[in-house]
Amino acid sequence: MGEYVTRLVVGVGGRAGVSVAEVCALVEETLRGAGLASEAVTALATVESKAAEAGLTGAAERFGVPLVGYPAEQLAAITVPHPSEAVRVETGTPSVAEAAALAAGGELLVPKRRSVAATCAVATAQAHDLRHHGDAEVIDAGAGLVDLAVNVRSDTPPEWLKQRIAASLGDLAAYPDGRSARAAVAARHGLPVERVLLTAGAAEAFVLIARALGAVRPVVVHPQFTEPEAALRDAGHRVERVLLTAEDGFRLDPAMVPEEADLVVVGNPTNPTSVLHPAATLAALARPGRILVVDEAFMDAVPGEREALAGRTDVPGLVVLRSLTKTWGLAGLRIGYVLAEPEVITKLAAAQPLWPVSTPALVAAEACVAPAALAEAEEAARRIAVDRAHLLAGLAEFDEVSVVGVAEGPFVLIRVADAAEVRTRLRGLGFAVRRGDTFPGLDRSWLRLAVRDRATTGRLLQALDHALALAAP
């Protein structure tokens with residue numbers, strides 16, 4: 001199977017007389033430590049005043065790529081996480097390695113690393129579209145396209161929930177009162193109401209966290225849902241990324257997260273990888289003075305909610321986000337909630353507008369955390385597990401397709417050569433699937449498939465067989 005890799009730019013700097021060997025060793029060690037391939041490097045970049053330095057030009061020759069020099073004033077205008085006054089005095093820009101890596105318009109993957117006489121940083125050659133979501137694959141597509149791009153459970157909301165929501169419409173003249181729904185959510189997780197905040201979906205919670213908690217060094221663990229990083233960036237934060245790799249099954253090692261990070265965001269199970277991290281691994285990320293945000297939007301699709309942290313009060317700084325839109329088909333209603341220490345809830349609530357959650361959404365929240373609804377969700381989770389196993393078994397029949405890691409969510413991430421063409425072919429055959437290259441840490445060889453019933457999966461596998469045959473050279 002052919003493979004597409006993310007194109008990289010390595011920013012480099014060095015003292016006068018730095019050797020080719022030192023620059024190459026630093027770059028290779030940095031790439032290896034981040035799980036990045038040296039073959040993906042398309043250029044080395046530096047400030048113009050160092051573009052003739054023999055150690056840098058020789059390193060570029062050894063990697064077989066050009067050395068690009070940028071004017072100091074252009075690099076000085078680029079925001080970087082680790083500016084240096086000493087570097088500015090010497091070169092005219094507060095950063096050489098990081099700014100040069102970013103000058104092509106990409107996103108920083110590895111911040112500045114240094115040896116005795118050299119520095120380097122790694123960026124993508126172009127930015128990811130953090131605001132691309134699965135609904136873009138199906139919107140305006142017309143009737144007849146089977147939606148495997150959006151992770152909302154099919155055939156939802158159920159009739160009983162529609163009736164509960166419809167019955168609430170008679171109360172629309174009154175302002176929403178969230179006390180009953182908040183108490184119901186608190187009871188569902190065995191928490192006091194002071195630890196619960198209702199939100200207009202998990203997406204609102206990400207915005208509140210970005211704006212209200214005063215993070216100085218936020219870190220987002222990728223690949224994952226891109227809205228947390230987008231919200232942090234919109235709030236003016238410089239975001240550092242921890243990239244999990246396919247080679248390691250997208251598993252998280254807590255040691256990968258910088259000790260100085262005061263806000264860490266991670267999904268569980270993670271969208272789009274479908275990996276379920278052990279609760280103990282996530283709890284190990286907690287530190288005094290750190291906010292640990294765990295996005296559990298898909299946890300109710302995991303039988304028994306294994307590895308859930310919702311309801312835990314023994315993990316300092318823990319903030320758990322839940323969404324009711326995926327399992328219950330309420331994406332258009334916007335309802336979710338935050339579970340956190342009372343002091344954090346107070347800060348987030350202060351950043352909310354008045355009456356942020358509508359009366360129908362409050363009614364839905366209360367209904368969806370009732371015992372009967374929880375039992376229905378558990379039954380659905382077990383059915384999804386069976387349907388996912390059927391999908392994975394079918395995918396295993398294709399030599400061209402690989403599944404990385406152990407899928408535990410209501411979706412599966414696959415790697416396939418010519419994925420963009422395969423995706424287009426599937427669309428022509430009536431199936432919308434989610435492109436993966438908009439997730440940091442993934443490239444154009446990835447697609448995400450929502451888990452559906454066996455009959456739909458059977459038709460998808462037939463279409464995929466046809467699409468792969470059409471895409472073959």
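The values are calculated or read from the model by the stated rules, or taken from the named source; none is laboratory data. Keep in mind it's a predicted model, so treat the numbers as computed, not measured. Glycine also receives a Cβ, built like all others from the backbone with ideal geometry; neighbour counts cover every protein chain displayed. Just so you know, the surface numbers come from the protein's heavy atoms only, side chains and all, with ligands and any DNA or RNA stripped out. Shrake-Rupley method; radii C 1.70, N 1.55, O 1.52, S 1.80 Å.
Select the helices (runs of 4 or more DSSP H) contained entirely in the stretch 150-245, then report the ones holding at least 1 residues which are more than 29 Å from the chain's Cα centre (by Cα) and under 18 Å from A367 (Cβ atoms).
159-167, 179-189
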- Query: Taking W355, is it out of contact with any helix residue (DSSP H, G or I) (no Cβ under 7 Å at 6 or more places or on another chain) and among the aromatic types (F, W, Y)?
  - Reply: yes
- Item | Residues being farther than 16 Å from A340 by Cβ and outside any helix (DSSP H, G or I) - total across the stretch 289-308 | 4
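Could you go through the stretch 399-414 and let me know if any residue there is over 29 Å from L244 (Cβ atoms), open to solvent by 50 Å² or more (accessible area, probe 1.4 Å) and either without any contact (Cβ under 8 Å) to a residue 60 or more places away in the chain or within 26 Å of the chain's Cα centre (by Cα) (or both). Break it down into steps so the answer makes sense when it comes.
Taking the stretch 399-414 first, the residues over 29 Å from L244 (Cβ atoms) are none.
No: zero hits.
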- Can you name the condition, by its number, that V338 falls short on among (1) in contact with an Asp or Glu (Cβ under 8 Å, 6 or more places away or on another chain); (2) buried (at least 24 other Cβ atoms within 10 Å of the Cβ)? (1)
- Output the helices (runs of 4 or more DSSP H) that fall wholly within the stretch 1-83 and possess 3 or more residues being under 32 Å from the mean Cα position of the chain (by Cα), or say none. 20-33, 72-76
- State yes or no: is L333 over 22 Å from V275 (Cα atoms) and either modelled with pLDDT of 95 or more or among the hydrophobic types (A, V, I, L, M, F, W, C) (or both)? yes
- So is D300 open to solvent by 10 Å² or more (accessible area, probe 1.4 Å), acidic (D, E) and under 20 Å from V242 (Cβ atoms) or not? no
- Note on the structure: Condition set out of contact with any helix residue (DSSP H, G or I) (no Cβ under 8 Å at 6 or more places or on another chain) and of a type in the set (S, T, Y), scope the stretch 417-451, selection most open to solvent (accessible area, probe 1.4 Å): answer is T424
- Task: Kindly indicate which of L362, L354, L413, L374 is in contact with a strand residue (DSSP E or B) (Cβ under 6 Å, 6 or more places away or on another chain) and not aromatic (F, W, Y).
- Result: L413
- Message: Which count do you get for residues in the stretch 92-118 that are assigned to a helix (DSSP H, G or I) and open to solvent by 20 Å² or more (accessible area, probe 1.4 Å)?
- Response: 1
